1. Evaluate the following for B:Leu453: is it surrounded by fewer than 21 Cβ atoms within 10 Å (Cβ to Cβ), in contact with a Gly (Cβ under 8 Å, 6 or more places away or on another chain), outside any loop (DSSP other than H, G, I, E, B) and at the interface with chain A (Cβ under 8 Å from one of its Cβ atoms)?
2. Could you please find all residues in region A:14-67 being among the acidic types (Asp, Glu) and in contact with a helix residue (DSSP H, G or I) (Cβ under 8 Å, 6 or more places away or on another chain)?
3. Go through region A:64-94 and give me each residue that's more than 22 Å from the chain's Cα centre (by Cα) and in a loop (DSSP other than H, G, I, E, B).
4. When you go through B:Ala40, B:Ala16 one by one, which is the residue that is within 31 Å of the chain's Cα centre (by Cα) and either hydrophobic (A, V, I, L, M, F, W, C) or in a strand (DSSP E or B) (or both)?
5. Test B:Ile231 against the criterion of being under 18 Å from B:Tyr169 (Cα atoms), modelled with pLDDT of 95 or more and part of a strand (DSSP E or B), and give yes or no.
6. Give the residue that is farthest from B:His473 (Cα to Cα), with candidates limited to residues of region A:372-392 that are without any contact (Cβ under 8 Å) to a residue 40 or more places away in the chain and not in a helix (DSSP H, G or I).
7. Is it true that A:Pro220 is modelled with pLDDT of 95 or more and surrounded by fewer than 19 Cβ atoms within 10 Å (Cβ to Cβ)?
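The values are calculated or read from the model by the stated rules, or taken from the named source; none is laboratory data. Quick caveat, the model's predicted, so the values are computed rather than measured. Positions of Cβ are generated from backbone atoms using ideal geometry, with glycine treated the same way; all protein chains shown enter the neighbour counts.
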Amino acid sequence: MQISKITEEQQIADMLDWALAGKHGLTIQGAGSKAGIGRPVTTEQGLDLSGLTGVEMYEPAELVMKAKAGTRVSEIQSLLRQSEQRLAFDPPDYGPLLGGAAEAGTLGGVFSCNLSGAARIKAGSARDHLLGVQGFTGRAQAFQTGSRVMKNVTGYDLCKLVAGSYGTLAIATSLTFKVLPRPEKTRTVLLYDVPLEKAQPLMNRGLSSVHDIAAAAWLPADIAATCDIEYIRGPGKSVLALKIEGPGPSAEFRCTAIREMFEGEGAQEELHGHNSESFWRFVSNASAFEGSERPLWKLSLPPANAVTVIAAIRDKAVEADYFLDWGGGLVWVQMPDGLADGGEGLVRGALDGAGHATLIRGSEALRGKIAPFQPQPTAIQKINARIKDGFDPENILNPGRMYAGEEMKASV
Amino acid sequence: MLMPKPNADVLAKRDALVEGLRRIISDPEGVIDDKDDLRAFECDGLSAYRQLPMIAVLPSTVREISDILKYCQAEGVNVVPRGAGTSLSGGALPLADGVLLGLGKFNKILEIDYDNRCIVAQPGVTNLAITDAVKADGFYYAPDPSSQIACSIGGNVAENSGGVHCLKYGLTTHNLLGIEMVTMDGEIVRLGGKHLDAEGYDLLGVMTGSEGLLGVITEVTVRILRSPEHISAQLIGFPSSEQAGDCVGKIIGAGIIPAGMEMMDRYAIHAAEEFCHAGYPLDVEALLIIELDGPEVEIAHYQTQIDAIAKDCGATVSRISETEEERMTFWAGRKAAFPAVGRISPDYMCMDGTIPRNQLPKVLKRMNELSKQYGLRVANVFHAGDGNLHPLILFDANNPGELEKCEAFGADILKLCVEVGGVLTGEHGVGIEKRDLMGEMFSEEDLKQQQRLKCAFDPDGRLNPGKVFPVLHRCAELGKMHVHNGELPFPDIPRF
């Protein structure tokens with residue numbers, strides 16, 4: 001594949017004209033750090049947007065920033081830090097998980113894939129923070145949607161479609177998004193040795209309390225053992241973790257209240273400051289599964305189903321590794337090698353129609369064979385196909401990355 | 001306000017359509033064709049515009065909704081969905097040749113699920129009833145539009161409703177987990193559920209705020225939150241709106257996101273105080289109501305910071321609610337601001353633009369100039385935290401030409417909002433009210449791209465036509481492509 005490095009918007013418009021005229025597919029990517037998610041895209045020509053960089057507007061008191069799509073997320077985060085602000089949805093960095101470098105991912109990438117970390121449960125998702133998009137549709141038309149203000153219901157919210165469509169509908173060139181204050185203090189309450197069966201109900205108790213828990217995860221002992229924070233790895237037990245944020249006095253008050261609330265549910269510990277932050281990065285980035293090539297699934301499901309879903313998977317594949325985030329609403333499952341479908345049937349069967357499973361890591365052969373994204377009912381796929389047709393009628397943008405082209409066209 | 005020309009062929013077969021619909025709906029009173037009875041549906045919350053529907057139907061099952069839509073699709077009849085009819089932008093205004101689909105019978109809460117912290121309700125359940133259903137157990141539903149006592153949760157989804165707490169707790173879209181909906185061709189589909197994030201394209205995201213143009217919502221799942229342990233409100237008065245605006249920016253700049261942050265101008269303060277004696281100071285130009293929630297230590301910590309910032313910005317009055325009753329009184333004035341203004345003027349029109357907050361002084365100044373120019377008074381209430389402005393234009397519809405003058409004034413205000421980097425509507429929707437202003441914010445091509453989304457859901461354009469988009473394009477026309485004769489461009493840009 002030929003890859004053209006884009007440095008200005010006009011080059012995209014011209015490439016799109018060329019692609020439309022000859023019906024050439026285009027692979028759209030930023031740093032390519034998430035290129036391994038989804039079906040393999042095979043085109044002769046690619047567009048690399050990682051050179052389209054720069055912060056175009058940042059007004060801390062207005063809680064808003066606008067930046068070009070190729071700007072690195074890590075660069076945005078350090079800039080925000082200078083004003084004591086942050087991206088509240090905890091953008092995860094799947095670089096190392098997918099065998100690449102850390103901190104390479106771009107803004108366009110994280111929003112196009114709608115990826116959110118552990119804080120998603122309280123702070124909302126990447127898509128919830130996306131206020132406006134400028135870019136091009138597959139019609140080679142410049143387009144914009146949304147705005148720079150927090151509250152906007154003017155026309156259809158096409159930002160929602162750009163987020164999570166993996167570059168199959170439009171090429172985003174500039175993104176405007178909400179930023180929020182960094183909390184003064186971050187603490188994490190740890191409960192050791194809580195068994196799986198009790199983990200989700202306990203997290204739910206915490207999340208249903210007045211203590212405003214910002215994130216909740218549970219790691220089995222073997223997953224905890226892969227973390228380099230001594231408090232997590234050391235005891236050799238499962239770890240249930242609850243994150244608290246806020247100004248000093250409030251974080252302290254909440255920590256104490258939560259510890260009292262879970263008195264008798266297991267030995268307790270607290271992570272402060274740096275340890276707390278690195279722990280939640282470990283959870284958000286699914287770092288426990290780095291360094292392997294085994295198929296890795298991300299399941300979004302009703303939290304109360306987590307235990308039965310894991311039991312159903314482990315019943316057939318006892319070597320499957322897993323942990324819970326989002327209070328049980330997110331289950332990461334690393335399947336053993338040697339399953340012809342990478343565990344697709346097992347994982348989706350276990351969900352039993354409630355929620356969805358996405359293959360985050362898998363060999364190219366596997367990704368070409370199975371459905372990395374949850375297959376949709378016919379009536380919905382018909383709407384999806386028409387949406388795709390409205391944005392990209394010649395199917396030139398990341399063709400087949402989410403769903404096979406034929407399958408989409410057939411249902412229009 | 002021009003609506004699409006009624007289709008004479010459809011009007012001519014009205015009696016047959018009534019018969020057809022009666023065969024679908026089991027309740028004999030579920031099809032309304034009597035002119036007097038139809039009067040109840042002639043307008044929504046934007047009462048300046050009225051239109052009798054051709055027929056109104058009140059189905060009681062999802063199957064009936066599906067059959068009605070299929071039938072209307074086959075007969076080439078337009079359909080306007082209606083929840084509680086509280087839209088302030090005319091989103092539920094009937095069409096002369098259309099069937100009005102009322103969802104009032106879908107008024108049951110289907111499931112309260114504390115294990116997944118969500119509630120499943122039929123679309124006609126009121127916003128407040130959602131909170132009421134879980135209040136005793138210490139939970140609530142966060143979005144709280146001012147009309148929450150009457151507006152329906154299905155309508156909230158259709159309009160992506162906000163309220164006074166959305167800076168901290170988000171709009172409907174941030175609290176919505178799933179819906180069941182019926183498409184115009186009668187398909188019943190589920191989007192989302194009790195889990196987070198969309199699978200595939202985010203259809204749930206685009207359905208939210210789609211103003212009844214994409215599908216009919218028949219079930220809603222929203223997340224519920226634990227009610228905060230303490231809530232406290234603070235009134236802060238300033239000698240000028242600029243100072244109040246400055247204070248809001250500095251509070252957020254200091255890293256504080258209050259649960260609510262409202263601003264009222266002199267006119268609104270006086271009207272509200274006269275109406276419900278909330279104890280507002282009358283010698284200030286602008287008043288902020290700031291609500292904080294959380295543990296007492298956190299509230300106290302922030303209040304100390306806010307006091308210092310307010311003083312620094314020139315605040316002349318500051319009062320913290322000492323009891324829950326006092327807090328409710330602080331809010332009573334703000335929540336009654338619309339009826340209070342309604343009392344001092346025969347009619348008023350409520351506008352709804354959003355602006356970048358730092359543009360507030362400029363916008364208020366220009367609005368005062370416009371007020372003089374049009375000879376109409378204007379009162380302002382403002383969701384200050386998120387920049388959502390609600391100017392209330394006072395007029396008297398009995399004076400010939402005054403409604404038109406008010407509309408022109410309102411349009412100028414909204415154009416001003418767009419000019420300073422804001423938007424036409426923050427939470428009330430485009431409907432018919434702002435339809436013809438869409439060109440101020442979007443290019444022709446951007447509007448076409450939005451309508452292509454409409455085509456994906458409703459290719460014949462049967463659902464709620466005449467709303468949101470100033471020009472109706474046929475889907476076939478929107479689908480056309482203009483292909484340039486391209487050579488591979490930029491042979492000089494690096495290729496790897």
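1. no
2. Residues satisfying the conditions are A:Glu59, A:Glu62.
3. If the condition is that a residue be more than 22 Å from the chain's Cα centre (by Cα) and in a loop (DSSP other than H, G, I, E, B), then A:Ser83, A:Glu84 are the ones that fit.
4. Every option except B:Ala40 fails the conditions.
5. Here the answer is yes, as B:Ile231 does meet what is asked.
6. A:Gln374
7. No: the conditions fail for A:Pro220.
Quick grid of which residues meet (1) in contact with a Gly (Cβ under 9 Å, 6 or more places away or on another chain); (2) within 7 Å of chain A (Cβ to nearest Cβ):
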site: B:Asp185; (1), (2): no, no
site: B:Gly205; (1), (2): yes, yes
site: B:Glu219; (1), (2): yes, no
site: B:Ser227; (1), (2): yes, no
